[in-house]
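**Q** Quick one: the structure is below, and I'll ask about it shortly.
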Number of protein chains: 2
Amino acid sequence: MARWDPGTEGRLVRAALDLFTECGYDDVTVTHIAERAGITRRSYFRYFPDKREVLFAGSDRLPPALADAVLAADRTAAPLPAVLDAYAQVGNRLVEIIDHAAERRAVIDASPELQERERTKLAALTDAASEALRERGVERDHAKLIAQIATIAFQNAFEQWLDACGERNFASCLQAVTDSLRGAFPA
Amino acid sequence: MARWDPGTEGRLVRAALDLFTECGYDDVTVTHIAERAGITRRSYFRYFPDKREVLFAGSDRLPPALADAVLAADRTAAPLPAVLDAYAQVGNRLVEIIDHAAERRAVIDASPELQERERTKLAALTDAASEALRERGVERDHAKLIAQIATIAFQNAFEQWLDACGERNFASCLQAVTDSLRGAFPA
C-alpha cells in the first residue's frame, strides 16, 4: 500500500467535515474520521499530525507561495501593495482549488480550538510575508506591521468571497477590503 | 487560608517568569511554579486554569475595559478613531500596571504555545471592540475589519513601547503606528 495517496487525503477531509458537521468537532475522534474514510487510525497520522490539521490540508504550501510572490513583485512596488498583490495571486489560486469552503467555515466558526489553529496558520502567512519584505530591504518593525495588515485584508476578502458564494472573483473582494481600510483612516 | 490572594498571584507570576527564563517554558511544570511560589499544585489552579495562563494574569479585564471605552467615544467619532482612542486609554493604563513586561515578552517569543495563547487574547480584544462598534451601529463586516486593524496597531504600539524601555508614553507609540499604517496605503 502506498504510504501517501491524495485520494485518501481527500476522503479524510470529506469524512472529517461530515462528522464534524453531524456530531460537532469536540465529539469526533481521529478514529471516527479514519474509519469513515476506510483507513486505520494509525494511517491517519501519515496524513495529518492531529485532529485539527485535517481541516487545513495543503495549508503549508501557502506561506512559501506568498513569499515567492512578494519577492517577485516589481522592485519599485511599495511594501503594502507588494504584499496585497501577492495575496491576490495566492487567493486567486486558493479559491480555484479549495473544496467545501463554506462547510469548512461553519465548522471552524463553531470551535475555539479550530479558530486557534486558523490563527496559527494566518500567523505563518504573516511571518512569510514579513520575511519576504525584509529581504526586499524593509525595516523589521514596518515589515511585520505591513504583513499583519495585509493578512487581515486577505482573511476578510476570503470571507467576502465565501459570502458571495463564489460569484465574485477573489481579487475584487481583496480590492474592496483594501478600499474600505484606506477609507477608515481619517485624512 | 484565603481562597484567592493577590500577593500569591503576583508570586506565581514572578516564579513562572523566573522558571521559564531559567529552564525554558516546555521544561517547567505547574508543580514547579507552585513550589517556587510556596503553594501546592492544587492551589495553583485556584489562580490559573493552566500553565500558559499565568503569563496573562489580569488579561480578562482588558476586553470589557476596551468595549466600555469604545462605547463611551463621542457619537460623531468614526469607527477606527473611536477604537484607536479606546486602545490608547486601555494601553495607557496597561503600561502603568504591567510588571516584568520585557521578560514576559522574551518568554512568549520563545514559545509557540504561548504565542498561540497571546493570539487568543488579542482575538478576544478584537471581538470586544467589534461588538462595541456594532452597538454603535457599524455594519458587522466593517466592525470586524476595523477592530482587527486597531488590534494590530495596539499590539505593534505595545512592542514599540517595550523597545523604548518605557521612555515613550503609550499613546505616542500608538500614534506613530497609526501614522505608519495610514502612510502605507497608496493614495
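The values are calculated or read from the model by the stated rules, or taken from the named source; none is laboratory data. Bear in mind that the values here come from a model prediction, so they are computed numbers and not experimental data. Here the Cβ positions follow ideal geometry from the backbone for every residue, glycine too, while neighbour counts run over all protein chains shown. Remember, those area values only see protein heavy atoms, side chains included, never the ligands or the DNA or RNA. Shrake-Rupley method; radii C 1.70, N 1.55, O 1.52, S 1.80 Å.
**Q** I need the full set of residues from segment B:158-178 which are more than 11 Å from every other protein chain (Cβ to nearest Cβ) and among the polar types (S, T, N, Q), in order please.
**A** Selection gives B:Asn169, B:Ser172, B:Gln175.
**Q** Residue by residue through segment A:118-132, note down the ones that are within 11 Å of chain B (Cβ to nearest Cβ) and among the acidic types (Asp, Glu).
**A** Selection gives A:Glu118, A:Asp127.
**Q** Another question, if that's okay. Just one of the numbered conditions (1) under 17 Å from B:Ala78 (Cβ atoms); (2) without any contact (Cβ under 8 Å) to a residue 24 or more places away in the chain; (3) more than 12 Å from chain A (Cβ to nearest Cβ) is not true of B:Asp109; which one?
**A** (1)
**Q** Could you check segment B:152-172 and list, in sequence order, the residues that are without any contact (Cβ under 8 Å) to a residue 60 or more places away in the chain and under 20 Å from A:Pro186 (Cβ atoms)?
**A** B:Ile152, B:Asn156, B:Ser172
**Q** Out of B:Leu181, B:Leu114, which single residue is outside any loop (DSSP other than H, G, I, E, B), in contact (Cβ under 8 Å) with a residue 24 or more places away in the chain and more than 7 Å from chain A (Cβ to nearest Cβ)?
**A** After ruling out the rest, the residue left standing is B:Leu114.
**Q** In segment B:75-86, what count of residues is obtained for those that are away from chain A (no Cβ under 14 Å) and open to solvent by less than 30 Å² (accessible area, probe 1.4 Å)?
**A** Count: 1.
**Q** Which condition number in (1) among the small types (Gly, Ala, Ser); (2) more than 30 Å from A:Asp18 (Cβ to Cβ); (3) in contact with an Asp or Glu (Cβ under 8 Å, 6 or more places away or on another chain) is the one that A:Ser111 fails?
**A** Of the numbered conditions (1) among the small types (Gly, Ala, Ser); (2) more than 30 Å from A:Asp18 (Cβ to Cβ); (3) in contact with an Asp or Glu (Cβ under 8 Å, 6 or more places away or on another chain), the odd one out for A:Ser111 is (2).
**Q** Right, another one. Within segment B:37-74, track down each residue that is open to solvent by 50 Å² or more (accessible area, probe 1.4 Å) and of a type in the set (D, E, K, R).
**A** Answer for segment B:37-74, where residues must be open to solvent by 50 Å² or more (accessible area, probe 1.4 Å) and of a type in the set (D, E, K, R): B:Arg41, B:Arg42, B:Arg46, B:Asp60, B:Arg61, B:Asp68, B:Asp74.
**Q** Looking at B:Leu17 and the list (1) surrounded by 14 or more Cβ atoms within 10 Å (Cβ to Cβ); (2) free of Cβ contacts under 8 Å to residues at least 12 places away in the same chain, which single condition is not satisfied?
**A** The failed condition is (2).
**Q** B:Leu125: more than 13 Å from the chain's Cα centre (by Cα), crowded, with 21+ Cβ neighbours inside 10 Å and assigned to a helix (DSSP H, G or I), yes or no?
**A** Against the criterion (more than 13 Å from the chain's Cα centre (by Cα), crowded, with 21+ Cβ neighbours inside 10 Å and assigned to a helix (DSSP H, G or I)), B:Leu125 does not qualify.
**Q** Since B:Cys173 meets every condition but one in (1) open to solvent by 20 Å² or more (accessible area, probe 1.4 Å); (2) in a helix (DSSP H, G or I); (3) not aromatic (Phe, Trp, Tyr), which condition does it not meet?
**A** Condition (1) is where B:Cys173 drops out.
**Q** Can you confirm whether segment A:101-122 contains a residue that is acidic (Asp, Glu) and at pLDDT below 90?
**A** No, the conditions are met nowhere in segment A:101-122.
**Q** Filter segment B:133-157 down to residues that are away from every other protein chain (no Cβ under 12 Å), over 21 Å from A:Gln155 (Cα atoms) and either part of a helix (DSSP H, G or I) or open to solvent by less than 50 Å² (accessible area, probe 1.4 Å) (or both), then give me how many there are.
**A** Residues meeting the conditions: 2.
**Q** Limited to segment A:48-97, what total is found for residues that are touching a Ser or Thr at 6+ places or on another chain (Cβ under 9 Å) and among the charged types (D, E, K, R)?
**A** So the count comes out to 3.
**Q** For B:Leu94, state whether it is assigned to a helix (DSSP H, G or I), surrounded by fewer than 23 Cβ atoms within 10 Å (Cβ to Cβ), modelled with pLDDT under 95 and more than 12 Å from every other protein chain (Cβ to nearest Cβ).
**A** yes
**Q** Okay, next question. Has segment A:2-15 got any residue that is under 19 Å from A:Thr120 (Cβ atoms) and either out of contact with any Lys or Arg (no Cβ under 6 Å at 6 or more places or on another chain) or at pLDDT 95 or above (or both)?
**A** Checking segment A:2-15: at least one residue is under 19 Å from A:Thr120 (Cβ atoms) and either out of contact with any Lys or Arg (no Cβ under 6 Å at 6 or more places or on another chain) or at pLDDT 95 or above (or both).
**Q** Another question, then. If B:Ala110 meets every condition in (1) among the hydrophobic types (A, V, I, L, M, F, W, C); (2) closer than 23 Å to A:Val177 by Cα; (3) open to solvent by 40 Å² or more (accessible area, probe 1.4 Å) apart from one, which number is that one?
**A** Condition not satisfied by B:Ala110: (2).
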